[in-house]
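Bear in mind these aren't lab numbers, they're just calculated from the coordinates by the rules spelled out. These numbers were taken from a predicted model, which means no experiment stands behind them. Please note: Cβ atoms are built from the backbone with ideal geometry, for glycine as well, and neighbour counts cover all protein chains shown.
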């Protein structure tokens, strides 16, 4: 059987992602301006952006720093803003790549709580992670990749169990 080398993904609903620190942010724009830019890029109207902005500001906790250019932010500050935008804009599908690991304990707990809420509301979460407890908590289905090759896919608990047994050899 030949390996697939093309395909497509169909998303029905609003897609949000936290893939790379600062992806989609312009370094010379302020936090506020980047919030507006990011929200408009994923399809929000001006009215929707205005309605969501207070929640993003509250979640990220950056306060007056939102008036400063992103280039002056630490990586943790950029992650806070990126994550807040991604989760507060009520996505139907959210893609997260290990981003929960950045930030202080309080912010990590806040992020996990928000992801739990998205899951409980039936949102789709695509999570790339090496954190096995997080995978078990948030994923029904898992795909184990090793050097770009599929090692196993199936129920998350079964894939994690196989991964653990292989890792302990």
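Bridges between two residues of the chain, per DSSP, are antiparallel at a rate of about 45%.
Shown for 115, 57: other C-beta atoms within 10 Å of each C-beta, ranked fewest to most, produce the order 57, 115.
Restricting the calculation to Cα atoms, segment 15-129 yields a radius of gyration followed by a Dmax of 12.9, 37 Å. The label point for residue 112 and the one for residue 10, both projected 7 Å from the Cα toward the Cβ, are 3.7 nm apart.
For the chain, the longest principal axis of the Cα atoms and the long axis of helix 46-60 meet at an angle of about 70 degrees. When each of 70, 94 is scored by the number of other beta-carbon atoms lying within 10 Å, the sequence from fewest to most is 70, 94. Among 109, 149, a tally of other beta-carbon atoms within 10 Å of each Cβ gives an order, fewest to most, of 149, 109.
Normalised by the number of residues in segment 15-129, the mean separation of alpha-carbon contacts (under 8 Å, six or more apart) gives a relative contact order of 35 percent.
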